Amino acid sequence: CRRLTTAPPSRRRGRRRVPTRLGPTMSGGPAQKRRGAVKGVSRRSVSTCLLCHVAAMLVLNCCPRGLSSWGRSSGAALAFDGGGGGAAKGFGASSRAASSSSSRKKKAASALGGRRPPSKLAKARKSSSFASRTLLRPAEDRRVAGAVGPRRKVPSSIARPDYALTGTPASSLVDSLRPPWMIETKTAADVDKMRVAGRLAREVLDLTGRAVAPGMTTDALDAIAHAAILERGAYPSPLNYHGYPKSICTSVNEIICHGIPDDVPLAEGDIVNLDVTVYYDGFHGDCSEMFFVGDDVDEESQRLVAVTYDAWRAAIDSCAVGKPFAEIGAVIEDFVTPFGYASVKQFCGHGIGRTFHTAPNVLHYRNAEPNGVMAEGQVFTIEPMICEGTQDADMWDDNWTAATKDLGRSAQFEHTLLMTADGAVPLTAKLDDSPVQPWEKQYEHRQQRRDAAQRHNNVAAPR
């Protein structure tokens, strides 16, 4: 996934939208803040007029505790957090949310195939804020950083991408100057090579996923993947990409993405995303998938993974020649929002080919960014990261690992996709001997229930 370096544009009506500038996927560190901005308060709103400016500064500097406590006691959602996370902001937000709750429940019931979504964490989601740092999961379950082993070696006989030695892709400067709507169209020869790279990535992902078990460390999983990639004559694309120290990414529980493999063992009931990318014959193939650790995974986590998988499949199915890439995000957000889930805005999908990350930028939330239109021959990834609570992240000290602020779990799936006249075709599709996951076994059944619920709603709707 690619990392956003600025906050997404405001949705306020009448405000000019500015194309979001993007940085490399694994550049690390939090999003850059506007120069001179007051933390959590828009500079434009504070300086609307001199009177508002003086009043705001007096309140913020003289009685911040009184303001925040008054806001909580009166029920107003005063989220001085810099935006995002799907949290209601400003006065009147609670009433608007209440008035639309019934429609959200109906959408969620339709997405679940007529069943209302359980609300075990509903109260925790509604009450979570950065001020109180309400946690959706026990603090003792927090994923801790372990010891990261040395970088694994790659034989000189294996072809390497341009950043393998320096850590900096030569294409970064060119990419920064490219308009976001200028998307490369692959030739037939390029596509053939990308099919091979995609298949190799899938083979390695399947092989590594079979080793997921309680007590297994993520560093051991990295060793398995690294050896498998070298056996196939390929290079592990993440290795030394902007200095990343390992060959795959392993994101456990509340880790959204870019988790660095270390010596901390997986525990019974964990969920983990394995992200594998290989570089072979000049092209990258990129895919990721969720795995359950053991058999005792709680129902909330199972539901999160299943909803994320279904939303991801719906986004892929929605792709068609002539559609704007911006529409992908709307499909995902509309699917997950009724469940109380949030789609991460800090990271996005991306174009891929000879370059690891390039245009288009595939945002996984509703947007109107000018990121181009789908056309035959384009290759890109769709990889939504869906959180059971807030989508806002804390960056670990390693400047790579992004973890949800409320310890809510996160799930993600990814394919490298080729755009054709018939839609998006996965180049990292499952193989005949790929393991079938629990959520995949039930997908067709969920889809049938959703279709039946949709037909019922269409019949019941007034004409």
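The values are calculated or read from the model by the stated rules, or taken from the named source; none is laboratory data. Keep in mind that what you see is a predicted model, and the values were worked out from it rather than measured. Backbone-built Cβ (ideal geometry, glycine too); neighbour counts: all protein chains shown. Areas reflect the complete protein model, heavy atoms only, side chains present, ligands, DNA and RNA absent. Shrake-Rupley method; radii C 1.70, N 1.55, O 1.52, S 1.80 Å.
Here Y309 passes the criteria (1) over 27 Å from Q454 (Cβ atoms); (2) open to solvent by 10 Å² or more (accessible area, probe 1.4 Å); (3) not in a loop (DSSP other than H, G, I, E, B) except the one numbered (1).
Can you say whether P261 is in a loop (DSSP other than H, G, I, E, B) and within 26 Å of K405 (Cα to Cα), as far as the supplied structure shows? Yes, satisfied. Note down all Cβ pairs under 9 Å where the first residue falls in region 150-166 and is on the phi < 0 side of the Ramachandran plot, the second is open to solvent by 60 Å² or more (accessible area, probe 1.4 Å) and assigned to a loop (DSSP other than H, G, I, E, B), and they're at least six residues apart or on different chains. Listed pairs, sorted by first residue: V154/R160; A159/D281; P161/R354; D162/T168; D162/A170; Y163/A170. Scanning region 423-457 for residues that are surrounded by 12 or more Cβ atoms within 10 Å (Cβ to Cβ) and either farther than 28 Å from V297 by Cβ or over 26 Å from the mean Cα position of the chain (by Cα) (or both) yields G423, A424, V425, L427, R449, D451, A452, A453, Q454, H456, N457. In region 272-304, the residue that is most open to solvent (accessible area, probe 1.4 Å) out of those that are farther than 30 Å from A234 by Cα and of a type outside the set (D, E) is Q302. Checking each residue in region 220-237 for being in contact (Cβ under 8 Å) with a residue 60 or more places away in the chain, buried (at least 23 other Cβ atoms within 10 Å of the Cβ) and among the hydrophobic types (A, V, I, L, M, F, W, C) picks out only A234. I260 passes every criterion in (1) in contact (Cβ under 8 Å) with a residue 24 or more places away in the chain; (2) closer than 29 Å to V425 by Cβ apart from (2). I need the full set of residues from region 167-217 which are in a helix (DSSP H, G or I), touching a residue at least 24 places away in the same chain (Cβ under 8 Å) and more than 25 Å from the chain's Cα centre (by Cα), in order please. Result: D190, V191, K193, V196.
Take the conditions at pLDDT 95 or above and open to solvent by 10 Å² or more (accessible area, probe 1.4 Å) and apply them to T420. Does it pass? Spelling it out, T420 is indeed at pLDDT 95 or above and open to solvent by 10 Å² or more (accessible area, probe 1.4 Å). Among the residues making up region 361-381, those that are in a loop (DSSP other than H, G, I, E, B) and closer than 24 Å to A342 by Cα are L363, H364, Y365, R366, N367, A368, E369, P370, N371.
Look at E383 and say whether it is acidic (D, E), open to solvent by less than 10 Å² (accessible area, probe 1.4 Å) and closer than 24 Å to L207 by Cβ. Against the criterion (acidic (D, E), open to solvent by less than 10 Å² (accessible area, probe 1.4 Å) and closer than 24 Å to L207 by Cβ), E383 qualifies.
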